[in-house]
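Before any comments, here is the structure.
Quick note: the coordinates plus some simple rules give every number you see, no bench work behind them. It should be emphasised that the depicted structure is a prediction, and the values quoted were computed from it without experimental measurement. Counting neighbours? That spans all protein chains shown, and the Cβs are built from the backbone with ideal geometry, glycine included.
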Amino acid sequence: MRYERMPIEIESPEQMGYGSITCNLTESSVADATLSGLGLGDLGAHLAELTLAYGDHLGHPGLRDVLAADSGAGMVTPGSVLVTPGAAGALFIISTSLLQAGSHAVVAAPNYATNIVTPRAIDADVELLELRFEDGYRLDLDRLAAMIRADTAFVSLTCPHNPTGTMLAMDEIDAVIDLVERRGTRLVLDETYREMGRPEPLPIGAGRSESVISVSSMSKSYGIPGIRLGWLMTTDPVLQEVFLAAKEQMVIGNSLIDEEIAFQVLRRRDHILPGIRNGIDAHREIVTRWMAGEDALEWVEPSGGVVCFPRITADSGVDVEAFYEILNRNHGTYVGPGHWFEQPRAHFRLGYGWPSTTELEDGLANISASLTAVASRV
């Protein structure tokens, strides 16, 4: 493995210090939650009685029951679920289990950096399926088909997509599943933002085919990244055994406290999620109205998740580097610059689910002011 730190982590708010940021529009989740805010204020007494032994290596049985029941199709059983240290842990397990130096993988780009950087660290042959602004970041199935080789270990897609907030339609996912089945490879489907899908979450991919590996976590939709709790799902029992072996060699099992908190949250998700989704919709409308009045920016309107990926128009006269300098220095406002996703810095990820309404509105006003200030210099 050739480890290198990723810009998205080096320049993350938690590394910079939240106290130095006035308007944080970099985050790709809803607001960080508290146990009391999630209706779990009385959980402390329950955790106090929890025996802190090694847990089930697959993960909390009750948690896996809840996750399997959400698959809908009936193919996913509790034994199909492997609970991991966040979605990042799941993606690491998948890459290190299925790839080696020289292995071929097709990964959609732009993407969350781990989906690309970990395969590269293994010295895999990572071929990027570029999703283009001009195409509305839509998947080109013919281009994907042409990229799959006899030795392709997997195709990696994300839906809803990070950083653009676009979604695959169900028929597109079915077409990709049919493609990987026919070509004898697999689909790794990062569904971390699935519960933020519009108008409703799509079915879990792993419940549709043995060739699909689904990945998700508690970090984004529920705002609890601090418990480091994610999972992968596969209905291929041989592959699940390999993934379990990888997890056991990495961490043996998860934190029982993290698993118990996730279990209690998911048991209550029918009460928790509606309010979260309503808040996301309200903030998306604020961003949509703002974009309609911002001539220096263009975007592909998001259809899921809590992020979008606007870009500064080429004819705006905006000095991109000066824009970031003024936005950060003068306004204390931060977005995720394009280089976090190996894209031009004229693009930036704007997260609208994490900030309060006031912080979001102030941050958007600060972006507009910075664009105007820089454009007036040209």
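Some values worked out for this structure:
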| quantity | calculated |
| --- | --- |
| Whether region 204-243 is rounded, prolate or oblate, judged on the alpha carbon gyration tensor where a/c under 1.5 counts as rounded | oblate |
| Net dipole in debye of region 77-163 [+1 Lys, Arg Cβ; -1 Asp, Glu Cβ; about Cα centre; nearest 20] | 220 |
| Estimated inter-spin distance, residue 127 and residue 171, nm [label 7 Å along Cα→Cβ] | 2.7 |
| The chain, dipole about Cα centre (Lys/Arg Cβ +1, Asp/Glu Cβ -1), debye to the nearest 20 | 200 |
| Using alpha-carbon coordinates, inclination of helix 237-250 to the longest axis of the chain, degrees | 70 |
| Peptide ranges 340-353, 19-32 listed from the most packed, as the mean C-beta count within 10 angstrom indicates | 340-353, 19-32 |
| Dipole magnitude of region 51-269, debye to nearest 20 (Cβ charges: Lys/Arg +1, Asp/Glu -1, about Cα centre) | 400 |
| Nearest 10 degrees, 0 to 90: helix 170-183 Cα axis against the chain principal axis | 60 |
| Reciprocal mean inverse distance between Cα atoms of region 262-378 - Kirkwood radius, Å | 15.3 |
| Selected from 202, 310, 44, residue furthest toward positive end of dipole (the chain; charges at beta carbon) | 44 |
| Cβ-based charge dipole, region 51-269, positive-most Cα from 163, 75, 118 | 163 |
| Estimated FRET transfer efficiency when R0 is 35 angstrom, pair residue 281-residue 252 (beta carbons, to 0.05) | 0.30 |
| Helical mean residue ellipticity (222 nm; -39500 (n - 2.57) per DSSP H run of 4+; nearest 500) of the chain | -11500 deg cm²/dmol |
| Selected from 218, 128, 239, residue furthest toward positive end of dipole (region 51-269; charges at beta carbon) | 218 |
| Simple label model, 7 Å out from Cα along Cβ direction - residue 267 to residue 183, nm | 4.4 |
| Three-way shape label, the chain, alpha-carbon gyration tensor, a/c 1.5 | oblate |
| Semi-axis lengths, Å, region 51-269, gyration tensor of Cα atoms, sqrt of 5 times eigenvalues | 27, 19, 16 |
| Percent of beta bridges antiparallel (DSSP, the chain, rounded to nearest 5) | 45 |
| Folded to 0 to 90 degrees: helix 357-375 orientation relative to the chain principal axis, Cα | 50 |
| Segments 6-18, 92-104, 143-155 sorted - mean Cβ within 10 Å per residue, highest first | 92-104, 143-155, 6-18 |
